[in-house]
Amino acid sequence: MFEVVRGWVNRFLSEEEAVLLAAILIVSTVVILSMGDILAPLLTGIVLAYVMQGTIKFLMRLQVPKSASVLLTFLLFMGGFVALLFFVIPRVWRQMRALFDNLPEMIDRSHELLATLPAAYPSLVSEPQVNSWIDMLNSEASEIGQWLLSFSLSQLPFVVSLAVYIMLVPILVFFLLKDQDEIMAWWMSFLPSRRPLLNQIGEEMNQQMANYIRGKVIEIIIVGLGSYVFFKIMGLDYAALLAFLVGLSVIVPYVGFVAVTFPVVVIAYLQFGWGSEFLTIMFGYFVIQGIDGMVIVPLLFSEAVNLHPIAIITAVLVFGSWWGLWGVFFAIPLATLVKAVMTSWPQVPGPADGRL
């Protein structure tokens, strides 16, 4: 057993840079897992500043001085931040409250619709089945009510934390943009002057993660805004809330689409019934999803590393269980990081490799 372990160590950890990379990955994971909540504003600021580097570089290519590029980019960020804070989120919140207020009426409407199924489809649905569905629906509604009550009683710490984040994140973003070169020089001073492995992985991940994050933000805006305009034109209730969910659903490929389709179908059916309006909404919704999958994604992520759907779903489950929503959002770039590390990791050929 000892010989096996020693052989594995000699094969994969024989170079100093490989040991350093392993130490960086382990320490980073431990710090984020143990102090993620405390460092959340800083991590959020780093991500936002990283996303805006593309805008700064674009302005500098237009011969705009760096200081002016940083200022213009920060003002653009603050404009979007204020719009999100004072226009998008309040509208979504009001519609969410209206949805919960109308939940009993929607449940009664669901009971009425379910009660008509045995007469309409006697060969497919029986009254005992409908009764069991109604009991399950009542049970789920009761659990939702209990969750809302517990959430309302425990939301004060969340509100305080959110207020702190709202104040800290813009300040952190500004200084991260302004002093990026000094911060990077300070960080690089702790690393060896000669680091080909770290440079290779860093360059690959910088390109892939930058393309992914910026593309994903653009995709969320396009899909969410397009869904809102369509739902509003069709007169669908809770258009802002549903469009917000549809926009966020693109964060999680495959799973997000399945999860967000259910509320869209239910609300449209309860409002319009089985008619032309319902079918039009469903057709338009699936057209938006098709445009996203066949046009927007190929255009925005043409340079992304291909990952198998099983790898994507596994990454979403693993990183989402570790870091919540942030883990879900960064599941694909983190999976890409794992793939890049595994591909680039230096190895000393073992005896079996030598014979081959």
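The values are calculated or read from the model by the stated rules, or taken from the named source; none is laboratory data. On a predicted model such as this, the values are computed, not experimentally measured, just so you know. A quick note on method: Cβ atoms are made from the backbone with ideal geometry, for glycine too, and the neighbour counts reach across all protein chains shown.
Summary of values
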quantity: Any chance residue 110 is surrounded by fewer than 14 Cβ atoms within 10 Å (Cβ to Cβ) and polar (S, T, N, Q); calculated: no
quantity: Selection count, the range 29-86, where residues are basic (Lys, Arg) and either under 18 Å from residue 327 (Cβ atoms) or surrounded by 11 or more Cβ atoms within 10 Å (Cβ to Cβ) (or both); calculated: 2
quantity: Residues of the range 57-81 that turn out to be assigned to a helix (DSSP H, G or I) and more than 24 Å from the chain's Cα centre (by Cα), as a count; calculated: 13
quantity: Pairs where the first residue, in the range 73-87, is polar (S, T, N, Q) and the second is surrounded by 13 or more Cβ atoms within 10 Å (Cβ to Cβ) and part of a helix (DSSP H, G or I), C-beta under 8 Å, 6+ apart; calculated: 73/55; 73/56; 73/59; 73/177
quantity: All positions within the range 227-242 that are within 19 Å of residue 283 (Cβ to Cβ) and assigned to a helix (DSSP H, G or I); calculated: 227, 228, 229, 230, 231, 232, 233, 234, 239, 242
quantity: Test: residue in the range 248-267 that is touching an Asp or Glu at 6+ places or on another chain (Cβ under 8 Å), at pLDDT 75 or above and farther than 30 Å from residue 19 by Cβ; calculated: yes
quantity: Restricting the range 119-129 to residues that are modelled with pLDDT of 75 or more and in contact with a helix residue (DSSP H, G or I) (Cβ under 9 Å, 6 or more places away or on another chain), the residue that is farthest from residue 108 (Cα to Cα); calculated: 126
quantity: The range 191-213 residues that are under 16 Å from residue 19 (Cα atoms), paired with ones that are exposed (fewer than 13 other Cβ atoms within 10 Å of the Cβ) and modelled with pLDDT under 75 (beta carbon under 8 Å, 6 or more apart); calculated: 192/16
quantity: In the range 113-135, the residues that are in a loop (DSSP other than H, G, I, E, B), surrounded by 13 or more Cβ atoms within 10 Å (Cβ to Cβ) and among the hydrophobic types (A, V, I, L, M, F, W, C); calculated: 125
quantity: Single match in 224, 202 (criterion: more than 14 Å from residue 288 (Cβ to Cβ) and either part of a helix (DSSP H, G or I) or in contact with a strand residue (DSSP E or B) (Cβ under 6 Å, 6 or more places away or on another chain) (or both)); calculated: 202
quantity: Checklist (1) exposed (fewer than 10 other Cβ atoms within 10 Å of the Cβ); (2) modelled with pLDDT of 75 or more applied to residue 172, failing item; calculated: (1)
quantity: Criterion (among the small types (Gly, Ala, Ser), in contact with a Leu (Cβ under 9 Å, 6 or more places away or on another chain) and at pLDDT 75 or above) met by exactly one of 311, 239, 243; calculated: 243
quantity: For residue 31: the one exception among (1) in contact with a Leu (Cβ under 8 Å, 6 or more places away or on another chain); (2) in contact (Cβ under 8 Å) with a residue 24 or more places away in the chain; calculated: (2)
